[in-house]
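Visitor: Dropping the structure in here first, questions after.
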Amino acid sequence: MTLAVIQMVSRDDVPANLLQARRLLEQAAAGGARLAVLPENFAAMGRRDLAALGRSEARGEGPILPWLKQAARDLKLWIVAGTLPLPPEGQPEAKA
């Protein structure tokens, strides 16, 4: 199996980070990767509101998890998403 380890410079701008990650995942898929590993906190590095973003993700209202699902489907990739600001399972209002 071919895998890709992706390095990117993330900022506190989630949509911009997701756009950058998508381009890099597309390159990985085009190069034959079946598994791609994104860096730690790839989508929200530097955000001051990580807890709020994590709670939104846990409630199914955030941008990151749906984006990951769609990217994996579109590109036929297994994606390891580094870390995401998620609270403990079943506790959406807990600290991320």
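Visitor: Do you know which of the residues in the range 60-89 that are in a loop (DSSP other than H, G, I, E, B) and modelled with pLDDT of 85 or more is nearest to the chain's Cα centre (by Cα)?
Guide: So the residue we want is ALA81.
Visitor: Which residues, counting only those in the range 21-40, are touching a Lys or Arg at 6+ places or on another chain (Cβ under 9 Å) and more than 13 Å from VAL80 (Cβ to Cβ)?
Guide: ALA29 - this is the single residue of the range 21-40 that is touching a Lys or Arg at 6+ places or on another chain (Cβ under 9 Å) and more than 13 Å from VAL80 (Cβ to Cβ).
Visitor: Let me ask something else. Just the residues that are over 15 Å from the mean Cα position of the chain (by Cα) and either closer than 17 Å to ASN17 by Cβ or modelled with pLDDT of 80 or more (or both), please, taken from the range 42-54.
Guide: Result: ARG48, ASP49, ALA52.
Visitor: To continue, here is another question. For the condition among the charged types (D, E, K, R) and in contact with a Ser or Thr (Cβ under 6 Å, 6 or more places away or on another chain), what is the one hit in GLU40, GLU89, GLU26, GLU57?
Guide: Details: GLU89 fails: in contact with a Ser or Thr (Cβ under 6 Å, 6 or more places away or on another chain); GLU26 fails: in contact with a Ser or Thr (Cβ under 6 Å, 6 or more places away or on another chain); GLU57 fails: in contact with a Ser or Thr (Cβ under 6 Å, 6 or more places away or on another chain).
The conditions single out GLU40.
Visitor: Right, PRO15: farther than 27 Å from THR2 by Cα and modelled with pLDDT under 95 or not?
Guide: So PRO15 fails the test.
Visitor: Of all residues being among the small types (Gly, Ala, Ser) and loosely packed, with under 12 Cβ neighbours inside 10 Å in the range 51-96, which is nearest to PRO39 (Cα to Cα)? Just the residue, please. Walk me through it before giving the result.
Guide: Quick first cut of the range 51-96, residues among the small types (Gly, Ala, Ser) only: 51-52, 54, 56, 58, 60, 62, 71-72, 81-82, 90, 94, 96.
Now drop any that are not loosely packed, with under 12 Cβ neighbours inside 10 Å, which leaves 60, 90.
Details: GLY60: 22, GLY90: 25 Å.
Only one residue fits best here, namely GLY60.
Visitor: So which residues in the range 1-41 are under 13 Å from the mean Cα position of the chain (by Cα) and small (Gly, Ala, Ser), if there are any at all?
Guide: Scanning the range 1-41 gives SER10, ALA16, ALA21, ALA36.
Visitor: Residue check: is PRO92 of a type outside the set (A, V, I, L, M), in contact with a Lys or Arg (Cβ under 6 Å, 6 or more places away or on another chain) and part of a loop (DSSP other than H, G, I, E, B)?
Guide: Yes: the conditions hold for PRO92.
Visitor: Let me ask you something else. If ARG55 passes every condition in (1) touching a helix residue (DSSP H, G or I) at 6+ places or on another chain (Cβ under 6 Å); (2) assigned to a helix (DSSP H, G or I) but one, which one does it miss?
Guide: Of the numbered conditions (1) touching a helix residue (DSSP H, G or I) at 6+ places or on another chain (Cβ under 6 Å); (2) assigned to a helix (DSSP H, G or I), the odd one out for ARG55 is (1).
The values are calculated or read from the model by the stated rules, or taken from the named source; none is laboratory data. Since this is a predicted model, take the numbers as computed values, not measurements. Methodologically, a virtual Cβ is constructed for each residue, glycine included, from the backbone with ideal geometry; neighbour enumeration extends over all protein chains shown.
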